[in-house]
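Chemist: Input: one structure, supplied below.
The values are calculated or read from the model by the stated rules, or taken from the named source; none is laboratory data. Because the structure is a prediction, the values reported are computed rather than measured. So basically every Cβ, Gly included, is an ideal-geometry build from the backbone, and we count neighbours across all protein chains shown. These accessible areas exclude ligands, DNA and RNA; they are computed on the full protein's heavy atoms, side chains included. Shrake-Rupley method; radii C 1.70, N 1.55, O 1.52, S 1.80 Å.
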Amino acid sequence: MLRIRQFRWSDYDAVAVVWTAAVRDVVPRAELAAKLTRDPELFLVGEARGDVVAVVLGTYDGRRGWILRLAVHPAHRRRGIASRLVAELERRFAALGCPRVNLLVMPDNAAGLRFWQALGYLPMPDVLCTKPMPPAPR
């Protein structure tokens, strides 16, 4: 049985295992600490038999919700876990009054795109632009 709940710091190592197993970069503690000052209720883990097997990281800036990272440990895939995590995250976005949720799918991730489209997410012709920022002066 899957239990979905808010991330706790004691989950960090287990979440890192899920991200690593799913071939995702592990978000550093300092970056997560900064994110969690805003909307900690949008960082969810899925537990099966007491073990963290899935994670979704969302954020809301007051205008748009973003799903930043969804991962399910490969040993637990194809059981509806990702869909249940997203549904709970969407419920929490709605409770915050969020009118729209965005996410990014890498162009070569056809399976990921099919997953998100099955949940009602539509591709948009936006162009992603990014700029690395230098560290803040001390």
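Chemist: Can you tell me the alpha carbon radius of gyration of the chain divided by the globular rule-of-thumb value 2.2 N^0.38 Å? Present the calculation step by step, with values, prior to reporting the outcome.
Modeler: Working: Rg = 15.1 Å, N = 138, 2.2 N^0.38 = 14.3 Å.
Against the compact-globule rule of thumb, the ratio is 1.06.
Chemist: I need to check one value: relative contact order of region 42-115, counting alpha carbon pairs closer than 8 Å and at least 6 residues apart, in percent.
Modeler: Here the relative contact order equals 29 percent.
Chemist: Report relative contact order for region 5-49 in percent, whole number only (criteria: Cα-Cα under 8 Å, sequence separation at least 6). Kindly include the intermediate steps, with their values, before the conclusion.
Modeler: Numbers: 21 pairs, mean separation 28.3, N = 45.
Answer for region 5-49 is 63 percent.
Chemist: Now, a different point. Points 7 angstrom from Cα along the Cβ direction at Arg100 and Lys131: gap in nanometres?
Modeler: Computed distance between label sites Arg100 and Lys131 equals 2.2 nm.
Chemist: Would you mind calculating the relative contact order of the chain from Cα pairs under 8 angstrom and at least 6 residues apart, reporting the percent as a whole number? Before the final figure, lay out each step's value.
Modeler: Working: 167 pairs, mean separation 28.7, N = 138.
This gives 21 percent for the chain.
Chemist: Which of Val17, Leu68, Pro28 sits closest to the plus end of the dipole of region 5-79, meaning its Cα is farthest towards the positive end, when Lys and Arg get +1 and Asp and Glu get -1 on the C-beta?
Modeler: Leu68
Chemist: Along the charge dipole of region 1-98, Cβ charges K/R +1 and D/E -1, which of Gly80, Cys98, Leu42 sits furthest on the positive end?
Modeler: Positive-most Cα among the choices belongs to Gly80.
Chemist: Here's another thing I want to ask about it. Determine the percent antiparallel among the DSSP beta bridges restricted to the chain, to the nearest 5. Provide the component values of the computation, followed by the final result.
Modeler: On the way: 18 of 21 bridges.
DSSP beta bridges in the chain are roughly 85 percent antiparallel.
Chemist: Can you tell me which of 96-102, 76-82, 129-135 comes out highest on packing, and rank the rest after it, using the mean Cβ neighbours within 10 Å?
Modeler: Values: 96-102: 12.4, 76-82: 15.0, 129-135: 4.6.
Averaged packing, sorted descending, gives the order 76-82, 96-102, 129-135.
Chemist: Moving on. When the dipole is taken about the Cα centre of the chain, and only Lys, Arg (+1) and Asp, Glu (-1) are charged at their Cβ, what size is it in debye, to the nearest 20? Numbers along the way, then the final one.
Modeler: Details: 21 positive and 13 negative charges, 32 e Å.
Once rounded to the nearest 20, the dipole reads 160 debye.
Chemist: Under the rule of -39500 (n - 2.57) per DSSP H run of 4 or more residues, summed and divided by the residues of the chain, what mean residue ellipticity at 222 nm is obtained, to the nearest 500 deg cm²/dmol? Can you show the working numbers first?
Modeler: Working: 4 runs with 42 residues, N = 138.
After summing the helix terms and dividing by the residues of the chain, the value is -9000 deg cm²/dmol.
Chemist: Roughly how many percent of the accessible protein surface of the chain is carbon and sulfur, given a 1.4 Å probe and a whole-percent answer? Each step should come with its number before you reach the end.
Modeler: Details: 5090 of 9150 Å².
Ligands and nucleic acids excluded, carbon and sulfur give 56 percent.
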